[in-house]
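Inspection log for the structure reproduced underneath, given as structure tokens.
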Amino acid sequence: MKPRALIFDCDPGTDDAVALLMAFAHPERLNILGVTTVGGNVPLKYTSLNGLKIAELAGREDIPVFAGCDRPLVKHEYLSVEQIHGKTGLAGVSFPEPKRALESEHAVDFIIRTLLQSSEKITLAVTGPQTNIAMALVKEPKIVSKIDEIIFMGGSITEGNITPAAEFNFFMDPHAAHVVLSSKIKLTMMGLDVTHQLVTTPARLKAIQSIGNKQSQAVFDILSFSGAYDMNRYEIEGGHIHDATVTAYLLKPELFQGRECPVDVEISGQMTMGRTLVDWYNSNNNETNVKVIRSVDIEGFYDLLLECLKKYS
Ligand code: BDR
Ligand code: CA
């Protein structure tokens with residue numbers, strides 16, 4: 001089967017790095033046309049550099065990396081989360097300086113150009129604030145018909161993680177999320193409800209490390225660093241894995257269950273900015289716009305993660 005054409009938009013970021021390493025391991029399944037970066041977990045200069053570093057770690061210097069937007073559509077107090085990802089976004093691992101430079105084209109222009117020129121539909125994997133995608137949709141609405149599907153990590157049916165109401169990616173750029181949610185593109189949402197089920201227990205981390213290649217060691221180090229924060233905050237025995245759910249869904253959608261729902265995001269609340277509104281029961285029979293994933297085969301997910309990392313051996 002022909003590999004699926006994909007653009008990966010992200011803010012690496014510890015768990016974005018894991019998501020990318022899983023995707024980079026499967027060139028026969030995923031034809032990654034480019035990685036586009038956005039400011040989020042840490043500022044854009046770091047997320048972009050990290051995109052290059054992760055591609056090199058994976059031996060995927062064939063994949064170009066494009067820097068995008070460094071602030072949300074509507075400016076608000078910037079909240080980077082260095083306590084989780086470290087100052088440079090990839091704490092826990094020391095990477096050599098990348099040999100390659102970033103592409104000179106802006107990520108938003110790359111997304112538009114690639115979609116318009118493509119003879120096939122392209123999937124977008126989105127694991128950071130959705131600023132680049134919203135900018136592209138507003139600048140060139142014709143791209144809508146060229147997007148096969150957007151699979152994103154963001155939002156939550158229940159609790160928030162950056163505020164009591166909001167998940168981080170939606171909170172960072174709620175207006176961008178609103179543009180994407182109202183785009184009529186096929187959307188699949190990996191929210192905190194599912195990512196919080198994937199706890200990196202010591203046994204799971206050990207299984208990752210015992211693969212014994214440099215990519216699995218990097219994932220072990222990254223998840224150990226970010227996991228320490230989650231263990232303390234949530235009083236659980238490991239950390240959460242968020243963004244890798246997007247790659248896992250691309251590779252093995254049967255691991256996930258959810259349903260089509262009407263979904264929106266709060267863009268004017270004082271205390272609830274970025275809150276996801278998922279009408280899980282759709283009592284009023286409103287139009288649905290998102291497949292909301294709510295459960296995951298946890299062991300199946302970790303088996304897939306191990307399988308991806310073994311491909312580097
Ligand atoms: C999301 O926020 C970021 O910190 C992670 O990389 C993930 O994309 C989880 O809320
Ligand atoms: Ca992310």
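The values are calculated or read from the model by the stated rules, or taken from the named source; none is laboratory data. Only a predicted model underlies this, so the values are computations on that prediction, with no experimental measurement involved. Cβ atoms come from the backbone with ideal geometry, glycine included; neighbour counts cover every protein chain shown. Protein only, heavy atoms only, side chains kept; ligands, DNA and RNA dropped before computing areas. Shrake-Rupley method; radii C 1.70, N 1.55, O 1.52, S 1.80 Å.
If you go through region 42-53 and pick out every residue that is farther than 14 Å from residue 94 by Cβ and either open to solvent by less than 10 Å² (accessible area, probe 1.4 Å) or part of a helix (DSSP H, G or I) (or both), you end up with 8. Selection of region 245-268 for residues being among the acidic types (Asp, Glu) and under 18 Å from residue 284 (Cβ atoms) yields 260, 264.
Answer yes if at least one residue in region 87-99 is within 23 Å of residue 174 (Cβ to Cβ), within 14 Å of ligand 1 (Cβ to nearest atom) and either aliphatic (A, V, I, L, M) or at pLDDT below 95 (or both), and no otherwise. Scanning region 87-99, I find at least one residue that is within 23 Å of residue 174 (Cβ to Cβ), within 14 Å of ligand 1 (Cβ to nearest atom) and either aliphatic (A, V, I, L, M) or at pLDDT below 95 (or both), so the answer is yes. Looking across region 195-224, the residues that are over 20 Å from residue 242 (Cβ atoms) and either touching a residue at least 40 places away in the same chain (Cβ under 8 Å) or not small (Gly, Ala, Ser) (or both) come down to 206, 209, 211, 212, 213, 214, 217.
Can you tell which of 306, 251 is in contact with a helix residue (DSSP H, G or I) (Cβ under 7 Å, 6 or more places away or on another chain) and open to solvent by less than 30 Å² (accessible area, probe 1.4 Å)?
On the way: 306 fails: open to solvent by less than 30 Å² (accessible area, probe 1.4 Å).
Sole residue among the options that is in contact with a helix residue (DSSP H, G or I) (Cβ under 7 Å, 6 or more places away or on another chain) and open to solvent by less than 30 Å² (accessible area, probe 1.4 Å): 251.
Can you name every residue in region 115-143 that is open to solvent by less than 20 Å² (accessible area, probe 1.4 Å), in a helix (DSSP H, G or I) and not small (Gly, Ala, Ser)?
So the first thing to find is which residues in region 115-143 are open to solvent by less than 20 Å² (accessible area, probe 1.4 Å), and the list is 115, 122-134, 136-137, 143.
The next check asks that each one be in a helix (DSSP H, G or I); those that pass are 115, 131-134, 136-137, 143.
Residues satisfying the conditions are 115, 131, 132, 133, 137, 143.
Would you mind stating whether residue 89 is of a type in the set (Gly, Ala, Ser) and assigned to a loop (DSSP other than H, G, I, E, B)? In short, yes.
The residue that is nearest to ligand 2 (Cβ to nearest atom), among those in region 126-147 that are farther than 19 Å from residue 39 by Cβ and without any contact (Cβ under 8 Å) to a residue 40 or more places away in the chain, is 147.
Surrounded by 15 or more Cβ atoms within 10 Å (Cβ to Cβ), touching a helix residue (DSSP H, G or I) at 6+ places or on another chain (Cβ under 7 Å) and in a strand (DSSP E or B) - does that describe any residue in region 277-288? Among the residues of region 277-288, not one is surrounded by 15 or more Cβ atoms within 10 Å (Cβ to Cβ), touching a helix residue (DSSP H, G or I) at 6+ places or on another chain (Cβ under 7 Å) and in a strand (DSSP E or B), which makes the answer no.
Among residues belonging to region 13-35 that are closer than 16 Å to residue 60 by Cβ and within 11 Å of the chain's Cα centre (by Cα), point out the one that is nearest to ligand 2 (Cβ to nearest atom).
Going residue by residue through region 13-35, those that are closer than 16 Å to residue 60 by Cβ are 16-35.
Next cut, within 11 Å of the chain's Cα centre (by Cα) only: 16-20.
On the way: 16: 4, 17: 9, 18: 10, 19: 8, 20: 10 Å.
Ranking the qualifying residues of region 13-35, first place goes to 16.
Counting only strands (runs of 3 or more DSSP E) wholly contained in region 172-273, the ones carrying 2 or more residues that are within 15 Å of ligand 2 (Cβ to nearest atom) and at pLDDT 95 or above occupy 187-190. Determine which single condition residue 249 fails, assuming it passes every other condition in (1) in contact with a Phe, Trp or Tyr (Cβ under 8 Å, 6 or more places away or on another chain); (2) farther than 23 Å from residue 8 by Cα; (3) of a type in the set (Phe, Trp, Tyr). That leaves (2) as the condition not met.
Flag: residue 27 matches the condition of being open to solvent by 10 Å² or more (accessible area, probe 1.4 Å) and either at pLDDT 95 or above or within 16 Å of ligand 1 (Cβ to nearest atom) (or both).
Identify the residue in region 54-78 that is touching a helix residue (DSSP H, G or I) at 6+ places or on another chain (Cβ under 8 Å) and not in a loop (DSSP other than H, G, I, E, B) and, among all such residues, is surrounded by the most Cβ atoms within 10 Å (Cβ to Cβ). Per the stated criteria, the residue is 54.
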